[in-house]
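The values are calculated or read from the model by the stated rules, or taken from the named source; none is laboratory data. All of these numbers come straight from a predicted model, not from anything done at the bench. No Cβ is skipped: glycine too gets one built from the backbone with ideal geometry, and neighbour counts run over all protein chains shown. Heavy atoms of the whole protein, side chains included, go into the accessibility calculation; ligands, DNA and RNA do not. Shrake-Rupley method; radii C 1.70, N 1.55, O 1.52, S 1.80 Å.
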Amino acid sequence: MPTSSPSVSVPAWITGLRFPGLDVAACSRLGAGPRLRAENQDNLLLIDVDGQAAWLHDQVPQRRRLPGWRAGHARLAVLDGMGGHGHGREAAEAVVAGLLAMPPCADGADLARRLDALHADLQRHFADAPGPRPGTTLTLLECRPDAPPLLYHVGDSRLYEITPARATPLTVDHVPATAYAMAGLVGEADWWQQVHGEHRPQVAQAFLLGNAFADPSRLNDPLFELSPLNLPSWLCRLADRRPIELRPGCSYLLATDGLWSCSDPWGWVGQWPQLLEGSTDAATMLRALLAAYDAHPAAFFYPDNVTAILLRVPGAAHPHDETALPAT
């Protein structure tokens, strides 16, 4: 259980990169409250349309320009290293290094092929590491010019769409409750309560770690894509690998689970539209969200690391075109 003083306590804010048509801000931090974790094992990656990249190494923000990056293409990702398995920060950093070396992907098949190959390469790289195999979540948007971004999702970090009316998850958590739902053992209401209404930090799949979906009795090396072929009907629209339409007037939040690790996750997430209301830029919106998080740190948990990238799409929202929430 982490109790030592963190080596880095200053939140890492990332702004100033260029994403035409989007206003983007990002932050990664240890957490909130008097009991902080020993280190920030989260990470993030932002590559803008000019190939300017920002990420963390040894918990410190790094920046450089990527030579040969395709103009107009961008990449955004959040990662949550699994500290309980050891080498969590190193696992997230290794994935970020792979993402920095990966060329822009124009279609979903290319993106999936390259990321699945990176997953397998890193399993071999960490094969001799002591202790359980490390892992990290990865929730990524590959932003293509003149085409909707591509989502690639592994783990229990999330992508949310936030409108003036509600915050709607656009990803499915890779957790035991989802495996039960896929097997027909948990219905929609119970799944929603377990995944979005309670604090349950277990995962059934992570990048580099592998998956417990194919065979719950053991950890399998490959990643297991959740798709309409294996998800229940009430989750099949939230496939792990798909294009995402970014709607004018909406905001999109990529975040690790520390942002909702509390005793009432759904009640807290339900406050987000009001907290962001009236803000005119992504940095102000994200600061408002994290200020509210600071004001009410989790009372019964060691607050987890928090990493978030907020995308604001300019334009007017369409109040009658809301995505329906699952039943509670």
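So what is the accessible area of the chain per residue, in Å², with the probe set to 1.4 Å?
Dividing the accessible area of the chain by its residue count gives 42 Å².
Please work out how much accessible surface E245 shows to a 1.4 Å probe, ignoring ligands, DNA and RNA, in Å² rounded to 10.
Looks like 130 Å² after rounding.
Kindly provide the helix-only [θ] at 222 nm of the chain, computed as the sum of -39,500 (n - 2.57) over DSSP H runs of four or more divided by all residues, to the nearest 500 deg cm²/dmol?
-6500 deg cm²/dmol
Determine the sum of side-chain charges near E198: Lys and Arg each +1, Asp and Glu each -1, restricted to other residues whose C-beta is under 13 angstrom from that of E198. Write down the numbers at each step before the final one.
Details: positive: R200; negative: D156, D173, D190, D257, D264.
Here the count lands on -4.
How big is the Rg/Rh ratio for the stretch 85-211, C-alpha atoms only, Rh by Kirkwood, two decimals? Walk me through the numbers on the way to the answer.
Numbers: Rg = 16.1 Å, Rh = 16.2 Å.
Taking Rh as the inverse mean 1/r over Cα pairs, Rg/Rh reads 1.00.
Please work out the C-alpha center-to-center distance from the stretch 68-126 to the stretch 231-299 and express it in whole Å.
23 Å
Using a 1.4 angstrom probe and counting only protein chains, how large is the accessible area of W55 in Å², to 10?
30 Å²
Give the residues of the stretch 154-183 whose amide nitrogen is closer than 15 Å to a point set 7 Å from the Cα of Q274 in the direction of its Cβ.
Residues 164-167 qualify, since their backbone N sits under 15 Å from the label point.
Note the full-extension length gain between A183 and D50 as 0.36 nm times their separation in residues minus their Cα-Cα distance, in nm to one decimal.
Computed gain between A183 and D50 is 43.4 nm.
I want to verify a result. In a Gaussian network model of the chain, Cα cutoff 10 Å, which of these has the top mean-square fluctuation: Y293, Y152, Y252?
Ranking Y293, Y152, Y252 by mean-square fluctuation puts Y293 first.
Once the whole set of protein chains is in place, how much accessible area is left on L185, using a 1.4 Å probe, in Å² to the nearest 10?
130 Å²
Any idea which of W266, Q62, Q202 is furthest toward the positive side of the dipole for the chain, if Lys and Arg beta-carbons carry +1 and Asp and Glu beta-carbons -1?
Projecting each Cα onto the dipole axis, the largest value belongs to Q62.
Choose one answer from S227, S217, S263: the residue with the largest mean-square fluctuation in a GNM of the chain with alpha-carbon springs under 10 Å.
S217
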